[in-house]
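Nothing in this text is a laboratory measurement; each read-out follows from the coordinates by a stated rule. Because the structure is a prediction, the values reported are computed rather than measured. FYI the Cβ positions are ideal-geometry reconstructions off the backbone, even for glycines, and counts take in every protein chain you see.
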Amino acid sequence: MKRPLRRRRRPGWRGAAVAGLAGLGVSEVVAAIGGSSLVDTVGRAVVDWSPRLVVDLTVEVLGSRDKAAIRIGVGAAAIGTATALAGLPANVRPPAVAALAIATAGLALRRPPRSWATIIAAAASGAVATAIGLRRAPASLRGEAAVALVGGGGLLAARARLARRHRQHDTLNEAAGRSRQSAAMPDDGAKPLSGLSPLITPIGDLYVTDVNLGTPLVDPDRWRLAVTGLVARPHRLSLAELAAQADEFDAVMVCIHNPVGGHRVGNGRWLGVPLRTVLERADPSNRATTLVTRAVDGFTASLPVQPLRSGEWSGYVVIGLNGQPLPARHGFPARVFVPGIYGQYTGVKWLSELEFVAGPHADYWSPRGWPHRPAWIQPQARIDVPAAEASAGSAATVAGVAWAPPHGVGGVEVRADDGAWQQADLARELAPSSWRRWRATLDVAPGTHTIQARAISRSGEVQHGGQRPPFPLGASGWHTITIRVSQ
Ligand SMILES: Nc1nc2c(c(=O)[nH]1)N[C@H]1C(S)=C(S)[C@@H](COP(=O)(O)O)O[C@H]1N2
Ligand SMILES: [Mo]
C-alpha cells in the first residue's frame, strides 16, 4: 500500500479556532469601512447589560484598560463559539449566517447611533464572521498558519485603519479652527518637579470613560444641537453659532469611579458657552424641572434646571479643550460640563440634544442604581511624588495635586505615620474649579514610612478620611503611600 505524500489530519479544535480568528479578522475589516463591527456591537451590549457590581469591579481592576479587555473578551468568545460549533453540517451554515446578521443588526439598533451605515456594517460583520468562522477548517498545519495569518492581519489592519480615521477626523476639525482658543498655557509658579502632574493635563493623558467600544465620529457640518421640550423657543444651534459665544474656563473633570489616588481625573482649559445663555434663549417653562442632556451614542444624564437658571451652578456647552476643538474621544463637537459635578452626571460627550422636561428622568446609569441627583466631586488630594514605594532621600519631598470644585482648595495637609498634620505649600490657584498643585517637605528618619495627604476646601470642608467605594457618591479616604527613606 502507498502512503500519502503528506499526512492529512482530521481538523481539530485548533483548525476550528483558526477559522474563527479568520472570521473575526475579516469581519473587522468589513466593519472598518462601515464603522461598527460585531465586536463593537456585542461589546456595547455587554456594557449595557453588565450589573453595576461587574462594571465597578471592571473599572477597579482594569482601570483604563477596560475597553481593550472587553474587546479581547468578546473576540475570544467569538473564536470559542466557532470552535465549539466546528463540525456543524454544511447545510446549517447559511441559516447561521443569516441569524447572526439579524442578531448583530438587532443589537446595533438597540442604542443610537442608528445610522444605516452602522447597522449594515454590524450585520455584514456578523454575517462574514459566521460564514468564515464556520467554514471547514484547514486540514494541514501550513493551511492553519495561513488562515491564522489572514485573521491576525485583518485584525491589525482594521485597527490601523480606524486609528487613521480618528486622527484624520481630529486633524481636520483642528484645521477648520471653529473653536480657536488662546494657545498660551497658564502657569501656577510651581517649581518643576519630576513626577508632579502638569497644571493642565495634556489631551493625550486625559482619561477616557464612556459606554462605547468605538468612538463616535460626528460630522460637524451636519451636526446641530437641538434645544427642545418645555421651552418657549425651541431651536437648533450650529457649531459656528456656539463658537461665537464661547468663553474659556479651567476645571477638573473627575469620574465618579476614580479611586482615591487614581488617574480618572484631569485638569483642562475648556472653551464653552454658558448653559445660562442657552437657557435664556430657550426660556424653559416653570414646569420644566429637569434638563436632560442627550448624546449621539444614546447616553443621557440630567441636571436640575433651577440652579442652572439662577446661576447658582455654572455649566457650559463645551466645544474646546486646551486650545483645540474637542478631540473625538472627548466628545467632538460638543459636550456638557458643570464644573464640580462628577463626569457621569455632567460630562455628556457627543451632545445632540438639551431637552427640558417635567419631573425626574431615567438616565443611562439610573437602572443600575446610581442616584438621580448629580453628585458633587469630593475634595481630594493626590500624592504624585514620591511615587508609592520610592526611596526619597533623607528629607522627603512630597508633592501632588488637590481639587475641591467649585469652591477651590483652601489647604492641603500631609503627615507621616499618623503624626501631626502639616501644611503643604500651595501653588497659585488658576480657578476655584481647577486643581491646585502642592508641595511639602517631611522630616522623616531613615526607614519605612506611611505618608498621607488630605485636601481642605475653601468652604472649610475637610477631605473625608473614611474609606468608601465609588458607589454611590464617589470614593473617599486619604491617599496613603509607603516610602522608604534611605540613610
Ligand atoms: N455620550 C457619552 N458621554 C459621556 C459618557 C458616555 O458613556 N457617553 N461617559 C461619562 C463619564 S462616566 C465620564 S467620567 C466622562 C468622561 O469624560 P472623558 O472621557 O472626556 O474624560 O464622560 C461622560 N460622558
Ligand atoms: Mo465616569
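Here are the numbers for this structure:
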{"read-out": "Calculated FRET value between Ala240 and Met185, using beta carbons and R₀ = 25 Å, to 0.05", "value": "0.45"}
{"read-out": "Whole-number percent relative contact order across region 203-368, with pairs defined as alpha carbons under 8 Å at least 6 apart", "value": "29 percent"}
{"read-out": "Proxy reagent accessibility, fewest Cβ within 10 Å first, across Met185, Met253", "value": "Met185, Met253"}
{"read-out": "Rg ratio (alpha-carbon, reference 2.2 N^0.38 Å) - region 159-281", "value": "1.29"}
{"read-out": "Taking only Cα atoms of the chain, radius of gyration then Dmax in Å", "value": "26.1, 95"}
{"read-out": "Sites His166 and Ser366, calculated FRET efficiency, Cβ-Cβ separation with R0 22 Å, nearest 0.05", "value": "0.10"}
{"read-out": "Whole-Å semi-axes of region 203-368's equivalent ellipsoid (Cα gyration tensor)", "value": "23, 18, 16"}
{"read-out": "Estimated dipole of the chain in Debye, rounded to 20 [Cβ of Lys and Arg +1, of Asp and Glu -1, Cα centre]", "value": "2820 debye"}
{"read-out": "Estimated FRET transfer efficiency when R0 is 22 angstrom, pair His464-Asp418 (beta carbons, to 0.05)", "value": "0.85"}
{"read-out": "Over region 343-395 - Rg/Rh using Cα atoms and the Kirkwood inverse-distance radius", "value": "1.26"}
{"read-out": "Added length on full extension, which subtracts the Cα-Cα distance from 0.36 nm per residue, Ser140 to Arg281", "value": "43.7 nm"}
{"read-out": "Residues Thr201, Thr228, sorted so that the one with the fewest Cβ neighbours within 10 Å comes first", "value": "Thr228, Thr201"}
{"read-out": "Projected area, mean over directions - region 380-485, Cα convex hull, nm²", "value": "6.5 nm²"}
{"read-out": "Under Karplus coefficients 6.51, -1.76 and 1.60, residue-wise ³J(HN,Hα) of region 248-257 in Hz, glycine/proline x", "value": "8, 8, 10, 7, 8, 9, 10, 7, 5, 7"}
{"read-out": "Label-point separation in nm, Ala76 to Thr448, each point 7 Å along Cα→Cβ", "value": "3.3 nm"}
{"read-out": "Distance between modelled label sites at Val54 and Ser115, nm, 7 Å Cα→Cβ extension", "value": "2.9 nm"}
{"read-out": "Within region 309-343: backbone nitrogen closer than 16 Å to the Ala176 label point (7 Å, Cα to C-beta)", "value": "318-321, 324-335"}
{"read-out": "Pair Gln487, Asp219: separation of 7 Å Cα→Cβ label points (nm)", "value": "7.2 nm"}
{"read-out": "Counting all C-alpha pairs of region 13-169, share separated by more than 27 Å (%)", "value": "24 percent"}
